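FYI, it's all coordinate maths here, none of it is from the lab. Since we're looking at a predicted model, the values are computed, not measured. Backbone-built Cβ (ideal geometry, glycine too); neighbour counts: all protein chains shown.
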Amino acid sequence: MSGTAGPLLTVRGAVQTFYARSRVRGMPGEEIRALDGVDLDVVPGERLGIVGESGSGKSTLARAVVGLRALDAGRVEFEGTDVGALHGAELRRLRARLQLVLQDPLASLDPRMTVRRLVREGLDVHATTPPAERAALVEETLAQCGIGPALLERTPAALSGGQRQRVALARSLVLRPTLVLLDEPVSALDVSVQAQILNLLLDLQELHGLTYLFIVHDLAVARWFCDRIVVMHRGRIVEQGPSEQLFADPREPYTRELLAASALHAVVRRRPGSAQAAGSSSATASTSTGPPNGSAATPNAERA
Amino acid sequence: MTRFLLVRLGGALLSIVAASMLAFVLMRLVPGDPARQVLGQFATPDQLAAFRADNGLDGSIVEQYGRFVGNFVQGDWGTSFASGAPVRQLIGQRLPATIELVLVAFAGAVASALALALVSTYRPRAWLDRLVSGIAFVGMGTPPFWLGLLCLAVFFQQTHLLPGPDGRISPDLAPFPDRTGFMTLDALLAGRLDAFGSAVSHLLLPAFVLGFAMFAFLVRVLRASLLEVADEPFIAAAQCKGLSRWQAFTRHALPNAALPALTASGLVLGQLLTGSVLVEAVFDWPGIGGLVVHGIANKDYTVVQIFVLLSAVLYVSVNLLVDLLAAALDPRISLHAGTRRRRRDAPRAAAAAPPTARSEGA
Amino acid sequence: MSEQLLHASGVTIAYGGVPVVHDVTLTLHAGERVGLVGETGSGKSTLAMSLLGMLARGGEVVAGSIAFAGRELIDLRERDWCRIRGRELAVVFQDAGAALDPVKSIGWQVAEAIRVHERDASRAHLRLRVAAALEQVGIPAARAGAYPHELSGGQRQRVAIATALVHRPRLVIADEPTSALDVTTQAQTLRLLDDLVADVGAALLMVSHDLGVVSQFCETTVVMYAGRIVEAGPSPELFAQPRHAYTSGLLRSVAALSDPDCRRLPTIGEDVLAAATADREAR
């Protein structure tokens, strides 16, 4: 793990207000408070999860941390440096160490570039690695992310969802960052592929000594993957703590509400319509007119 | 709402003033002397000077412009050098003819564009797509006066199907009272079906020529808009309610597609009025277009200035009107400044999900 | 055993000649709640849409038959489809915001659903029906004049549910009905759907990628992969003791997330996927 003593990333009093685009000329759009005073610390080597629903401000926070959009108020410090004060070449150098991976790889990968070019691009821009070594570094990083040489010349459209996300990861990792922000990296993926990517993320963390800031709305994933969890709601942090503790003993009502609602996704091995429906106290009084034994839904017959 | 209106009206006023200034200055920069035009080659310098003094053509451009604006707001729109008649009267006499022509052209263009766009997007077929694109392409690239001459050659000269460039109505018919200024309406009001028929047949070619370019443009905009909307889930959802595809198309796709086209047609309507100039020249249509063409040729400053000013006013008003109309028709547009999203009166607190913002809200 | 409502046999669906659903046989009974589970590309949505005759452009059922309440649905004329859709067959789409016309009020849209099949309904009658339908899903009748963008995502989905049930259909198809919603709204919406569907006595075909939701709301589960049915049966048994390795693989992935001792998530091996594709049962 990295040797810095204090937190790797510090956010203090982050405020961000948006104005939705107005449809009519001459009129300002409506005001949206995306971040309403957020304080956050990220410890080196940890996997910090940010959990919240849509509109909670988690994606806005991610973009502000990476410096994609200046905060209206507040301060972001990375490795002791004020991100907001940096410009031009210095900001670019910081970007190499602070990477962002987004949810939809189809949208975040240039559809006309090959995998090789996509991953190489960052190296060429930052020019910290000698040109002769770049090609090898690209291939090595891709291999670490599970993308073999056969796929190097393909474009994103020719890849599966999981493969695209691996390419997006490789693109970030090739710059050897210290902190990687992941904004819903597995939400658009199927359960089986999600498992692969999450395993990969763990491996990569160990291999490269990374720290993760993991934004997710799926609580089960957050619980498994993250050491510590921060719960956001309407631009504010509602509760934070070690993940197992948070799940075992949530203190805030909103956290409890989230947990109760997420019981919806737990696989239940008893008859549906009986007392234990989706985390609510009401027993469904539905008259189950379905057949009590043996469904008539016939599995696909053996058609040789 | 007031803020919106103030901003737009302010901008409108600026545009109008700028346009009038431009017209004023340009006319005087173009070579040619109205005094000489009117008085002839053999006029003496004294006569020319007198003419200029009488018509306010002496003094600097700034003085002249000042005088012009002053007179205009008082209702004095000047006097035509060529005919001696007050400009206001001239325009008043000839405006209805142009309006009739423009309205018919506009209506025809919109109706045919709607029909063609609808038919070609409802059941997309490659050959139909190419046909419509071809028509649009030709329509937008064809100069109206050329098209006018072509139509006259084909429909009048060669085949005698339609009347030639002899104005709004056949000169042999007995006259009837002029009540609205619209030949077709007046004929109907007077109960004269023969006159009505003649008026309509005289309108056909000029309206077609004038409207063709607009039709071409509208077809493209409507088609693009319809194609985009046709794939939206709410069209399929409407069908799943039991509506036929045609019903879903006309009741749901069309209104949604028409809104962006509305703004476009507003722009084009403004252009129609100014574009009628050439068409009126070709068909000898007694509208203000013809008046302006002569005015430019004869260096009749006063007429041209007023025409430009009026065109600017019209163009700007139509645009404002279209924006207001769009706001009235589209429930998503609100003209009230800086509204904060109202809290939803959800029955259960938990159901108050955060508003779906169009911004980068998480 | 309650009557057979829908029987699809040997259904193969292709898009531009490429098959996406292979030889599927499926039966639904009146009032039964069936979950159609699968990952992306499994063909579940395509199959569901074919039951409505709403395949996207280029798609067609190239083989098999779909019998619904006694009549054959394949090659049905549009006019007949219009009579069934909304009345005996209804849909709740994934994203209700996109499934509502943005320039018409929700009251108007619910009324349209009623009017399509009750052409002589008077204005007053429609208004009453609309009010009742909205109240049933927890939206005050006074909001009938609201436009879709003025409502929250959860409210919009409830409008969609109200619209679907307005003629008390025999079968409701719900295509990922809560994926577009926030977690706190999902539970309520599903419960509402469940209650109302049971109230009407309709059968429910819920297409979902979420095993938890299906296990809690559907008494029968059908698992699909690559256009084929891999396994089907009563939910309690299927989830307690899946017969196909693909199903158990999926269940293991979901279960592992709640296991604090699990250091690496289990994944589904290539051999299992191959077996699912080749339509052989593996252990």
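How far is helix B:61-74 tilted off the main Cα axis of chain B, in degrees rounded to 10, range 0 to 90? Computed tilt is about 70 degrees. Cα extents for the protein assembly as shown along the principal axes, largest to smallest and rounded to whole angstrom: 111, 72, 53.
Angle of helix B:2-29 to the longest C-alpha principal axis of chain B, folded into 0 to 90 degrees and rounded to 10: 30°. The range A:173-233 and the range C:49-103 have Cα centres lying 40 Å from one another. Applying Stokes-Einstein at 10 °C and 1.306 mPa s to the Kirkwood radius of the range C:30-161, computed over alpha-carbon pairs, gives a translational diffusion coefficient of 94 µm² s⁻¹.
Peptide packing: for A:40-52, A:73-85, B:196-208, A:6-18, the average count of neighbouring Cβ atoms within 10 Å per residue gives the ranking A:40-52, B:196-208, A:6-18, A:73-85, highest mean first.
By how many degrees, between 0 and 90 and to the nearest 10, does the Cα long axis of helix B:301-329 differ from the longest principal axis of chain B? Approximately 10 degrees, to the nearest ten. Note on A:Arg117 and A:Ala70: their simple-model spin labels are 3.4 nm apart, each label 7 Å out from Cα toward Cβ. With a 10 Å cut-off around each Cβ of C:248-254, the average count of Cβ atoms from other chains is 4.
Determine the shielding of peptide C:234-244 by partner chains: average, over its residues, the number of Cβ atoms on other chains within 10 angstrom of each Cβ.
Details: counts 9, 8, 6, 4, 2, 4, 4, 1, 0, 1, 1.
Going residue by residue through C:234-244 and averaging, the value is 4.
Shown in residue order for the range A:67-72 are the 3J(HN,Hα) couplings computed by the Karplus curve 6.51 cos²θ - 1.76 cosθ + 1.60 at θ = phi - 60°: x, 6, 8, 6, 6, 6 Hz (x for Gly and Pro).
Taken along the Cα-to-beta-carbon direction at a fixed 7 Å, the label points for B:Arg332 and B:Leu314 span 3.3 nm. Excluding same-chain neighbours fewer than eight residues apart, the aspartates and glutamates reachable from B:Lys299 by a Cα-Cα span under 17 Å are B:Asp33, B:Asp54, B:Asp58.
What is the extension gain from B:Val73 to B:Ala107, computed as 0.36 nm multiplied by their sequence separation minus the C-alpha to C-alpha distance, in nm to one decimal? Working shown, then result.
Details: separation 34, 0.36 × 34 = 12.24 nm, distance 3.33 nm.
Extending this stretch completely gives an extra 8.9 nm.
Using the Cβ-Cβ distance between B:Leu6 and B:Leu162 with R0 = 35 Å, the FRET efficiency computed as 1/(1 + (r/R0)^6) comes to roughly 0.10.
Label positions at B:Leu325 and B:Ile135, each projected 7 Å from the Cα along the C-beta direction, are separated by 2.2 nm. Amide H contacts of C:Leu204 (H built 1.01 Å from N, in plane; Pro and chain starts excluded): C:Glu32, C:Arg33, C:Val34, C:Val172 sit under 5 Å, all sequence-distant by 5 or more or on other chains. 3J(HN,Hα) along the range A:205-211, derived from phi through the Karplus expression 6.51 cos²θ - 1.76 cosθ + 1.60 where θ = phi - 60°, amounts to 5, 5, 5, 10, x, 8, 10 Hz, with x in place of Gly and Pro.
Rounded to the nearest 0.05, what FRET efficiency is calculated for B:Asp231 and B:Arg88 with R0 set to 51 Å and r the Cβ-Cβ distance?
Values: r = 53 Å, r/R0 = 1.04.
Once the sixth-power term is evaluated, E becomes 0.45.
Assuming R0 = 56 Å, what is the FRET efficiency of C:Ala124 and C:Arg263, from their Cβ-Cβ distance, to the nearest 0.05? The calculated FRET efficiency here is 0.30.
Per residue of C:176-186, what is the mean number of Cβ atoms on other protein chains within 10 angstrom of that residue's Cβ? Present the calculation step by step, with values, prior to reporting the outcome.
Values: counts 0, 0, 1, 0, 2, 3, 12, 17, 14, 8, 5.
Taking the mean over all residues of the peptide, I get 6.
In summary, the lysines within cross-link reach of C:Lys104, defined as a Cα separation below 19 angstrom excluding same-chain residues under 8 places away, comprise B:Lys241.
Could you list the square roots of 5 times each eigenvalue of the Cα gyration tensor of the range A:9-265, that is, the equivalent ellipsoid semi-axes, sorted largest first and rounded to whole Å? Before the final figure, lay out each step's value.
On the way: eigenvalues 177, 105, 71 Å².
Semi-axis lengths for the range A:9-265 are 30, 23, 19 Å.
Calculated on the alpha-carbon coordinates, the convex hull of the range C:96-166 measures out at 75 cubic angstrom per residue. Coupling constants for the range B:149-157 follow from the phi torsions by the Karplus curve (6.51 cos²θ - 1.76 cosθ + 1.60, θ = phi - 60°), and in residue order they are 5, 4, 4, 4, 4, 6, 8, 10, 5 Hz; glycine and proline get x.
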